[in-house]
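Structure, as structure tokens:
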Amino acid sequence: MIDKGRVRRSFERAAHEYDRVAVLQREIADRMLERLDYVRLQPQRILDLGSGTGHAVDALHRRYRRVPVIALDVAHGMLLQARRRGRWWRRPLCVCGDAESLPLAADSVDLIVSNATLQWCDLQRAFAECLRVLRPGGLFMFTTFGRDTLNELRQAWSEVDGDSHVSPFLDMHDIGDTLVHARFADPVMDVERLTLTYDRVRDLMQDLKTLGAHNATHQRPRTLTGRARLAAVEQAYEIHRHAGRLPASYEVIYGHAWAPEPKPRADGSVAIPLSAIGGRGKLA
Ligand SMILES: C[S@@+](CC[C@H](N)C(=O)[O-])C[C@H]1O[C@@H](n2cnc3c(N)ncnc32)[C@H](O)[C@@H]1O
């Protein structure tokens with residue numbers, strides 16, 4: 001289970017320096033948003049879920065001029081950065097809130113994008129909330145990380161101790177199943193493997209720290225990592241060194257799905273207007 005307080009505190013602390021190291025996050029946000037080229041949608045209101053410092057918000061403003069974009073994040077510091085970005089006439093509406101309990105009305109947005117955020121959330125709850133706030137026919141598009149992400153680091157730590165130092169990530173199929181269970185329509189998922197390379201393991205660890213990407217599970221170790229264990233991890237990681245560099249693998253999962261028309265109610269039932277089925281029914 002994810003310790004939400006820890007997630008929020010980590011990203012609050014990371015907000016100032018996040019942009020300096022979020023190379024991969026920007027790249028996959030751009031790749032995700034390119035997919036909107038193939039979608040027929042003219043949104044009236046857009047939500048960036050887990051907006052961070054607002055890179056995708058900027059891109060959405062350029063793509064859909066004059067369409068209001070809500071930047072929502074659990075970390076207030078991230079939203080302050082997002083607000084500073086861009087010109088005043090296209091600043092996002094910033095909302096500090098939780099993806100698992102969105103402070104937004106039902107059927108109030110047409111497009112939700114979410115980049116590199118859902119791995120910090122309870123997916124069932126976040127997907128249910130996305131479906132609730134999407135208008136029927138609205139689109140949900142996201143990236144997250146799959147289970148092979150940072151596997152070199154996980155493997156190196158496993159040789160040093162039995163603790164969970166690296167966040168666990170979900171299997172792409174489970175994410176797809178969760179979308180279906182949430183009653184999204186026509187889900188599409190695909191995966192891409194990207195690798196960052198480093199001179200030293202401690203540079204990778206420093207980047208993860210600067211990003212705010214700490215292990216936030218309740219099972220994480222609570223003690224400080226001593227020098228000896230750090231040295232042992234560095235040594236265990238050396239087996240992966242290739243052409244003089246240490247790889248850090250990311251399994252990037254891209255997904256999108258639609259809010260069905262008509263949308264299911266919270267109890268799973270679907271209300272179909274009589275006009276849509278041409279019936280002559282009377283209320284009992
Ligand atoms: C890795 S950053 C990605 C930020 C941005 N989407 C980007 O591409 O740069 C993850 C963001 O998700 C936010 N976040 C994590 N859990 C959240 C939750 N439950 N609800 C809303 N935002 C959350 C964090 O505060 C952080 O800003």
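For segment 49-56, backbone phi angles converted through the Karplus equation (6.51, -1.76, 1.60; θ = phi - 60°) give residue-by-residue couplings of 8, x, 5, x, 7, x, 4, 5 Hz, Gly and Pro being listed as x. Under the shape rule built on the C-alpha gyration tensor, where the axes satisfy a ≥ b ≥ c, segment 10-49 is oblate, since a/c reaches at least 1.5 while a/b does not exceed b/c.
Using the crude model of +1 on Lys and Arg Cβ and -1 on Asp and Glu Cβ, and no other charge, please compute the dipole size for the chain relative to its Cα centre, in debye to 20.
1220
Using Cα pairs closer than 8 Å and at least 6 residues apart in sequence, work out the relative contact order for segment 29-109, in percent. Reported relative contact order: 30 percent. Summing +1 for each Lys or Arg and -1 for each Asp or Glu among the other residues whose beta-carbon sits under 12 angstrom from that of Val160 gives -2. What do you get for the angle between helix 4-14 and the principal long axis of the chain? Use alpha-carbon atoms, 0 to 90 degrees, nearest ten. The helix 4-14 is inclined about 70 degrees to the chain. The simple Förster model, with R0 at 30 Å and r as the Cβ-Cβ distance, assigns Glu34 and Asp163 a FRET efficiency of 0.20. For segment 159-199, backbone nitrogen atoms closer than 14 Å to the point 7 Å from Ala232 Cα along Cα-to-C-beta are found at 159-165. Kindly express, to the nearest 10 degrees and within the range 0 to 90, the angle between helix 227-237's C-alpha long axis and the longest C-alpha principal axis of the chain. Computed tilt is about 70 degrees. Quick one: grab the alpha carbon gyration tensor of the chain, order the square roots of its eigenvalues as a ≥ b ≥ c, and give me rounded if a/c is under 1.5, else prolate or oblate depending on whether a/b is larger than b/c. Cα axes put the chain in the prolate bin.
Computed from Cα positions, the angle between helix 23-34 and the longest principal axis of the chain comes to roughly 20 degrees. Taken one residue at a time, the phi angles of segment 172-184 give Karplus couplings (6.51, -1.76, 1.60, θ = phi - 60°) of 4, 5, 5, 5, x, 4, 5, 4, 5, 4, 6, 6, 6 Hz. Gly and Pro are set to x.
Within segment 1-44, which residues have the backbone N less than 12 Å from the label spot 7 Å out from Asp174 along Cα→beta-carbon, could you tell me? Under cut-off, by backbone N: 1-2. Restriction of the trypsin sites (Lys or Arg not before Pro) in segment 15-97 to DSSP coil positions whose beta-carbon has at most 14 other beta-carbons within 10 angstrom yields Arg40, Arg65, Arg66, Arg87.
Throughout, read-outs are computed from the coordinates displayed, never taken from laboratory work. Predicted model, so just to flag it, every value in this text is computed and none were measured. For neighbour counting, all protein chains shown are included, and Cβ atoms are generated from backbone atoms with ideal geometry for every residue, glycine included.
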